[in-house]
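Quick note: the coordinates plus some simple rules give every number you see, no bench work behind them. Here the structure is a predicted model, which is why all the values come from computation and not from measurement. Neighbour counts run over all protein chains shown; Cβ positions are idealised from the backbone, glycine included.
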Amino acid sequence: MKLSTRQKNNTKWLWLAWVPIIGGGALAYTGYKTKTKSWLILGILFILINLIYTSNQLLPFVLIWLAQIATAFYIQKKYLTKNNRYLLSNFELPNAIGQKEQKIDINKCSKDEMVYQLGLPIIYANNIELLRNEGYLFTDLEELADIAGIPKSYLKQLEPLVTFRYHPELEEDLSWRRVNSYSKTELINCGLEEQVAQKIIEEREKNGSFYSVIEIKHRTGLSLNQYRNII
């Protein structure tokens, strides 16, 4: 696979693996950078072993040096995948990440996940967070472009990395589902008449939560107009 200039700039540490002792530090660096403890320990071990055989045993030293180089090339792609550095310039890597790691829920993930794992510029991560704070839940990739303003050129790379799960609890204070949690006073403050709010509360306490707008009508006998202010 041919690497772009950007990709090469992020794998400069690889060539340090050709240098005895220092190469172990390069491996340890990859472990630190990607929070992979096994790589960090492996790099430290290469440093220690190289120090032991530097001066008096040439053959073991050469074999360890070659093993160090082979190890660096082996973890190169894993490093790029974990660090997600060329997400937007390579179509193969996103698919590899999507297949091997759990997809990121765009409706629940943190801003750090959007920036550092999905590779989104901070401006688009801020847009998504702002919309979610306003109660919006995304349902597909097109909405990321049409509503959050993410360029469509990003969507192909994001497709294998993200999922759009529905979280009703996130809409509880911004939709008709308020009828399942609001008190009588809160329902009245939403514009419902006192007797309407009372009837909803009584039915909810007797038979449990409502699962749809029409179920409110069927279970309470209220007309849609009587509780329109809350839907």
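Quick rundown of the values:
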quantity	calculated
Separation of the ASN189 and LEU66 label points, Cα + 7 Å toward Cβ, nm	7.5
Charge sum, other residues only, whose C-beta stays under 12 Å from LEU192's C-beta, Lys/Arg counted +1 and Asp/Glu -1	+1
Potential extension, LEU130-TYR32 segment - 0.36 nm per residue separation minus Cα distance	32.1 nm
Virtual spin-label span in nm between ILE231 and ILE214, 7 Å along Cα→Cβ	1.0
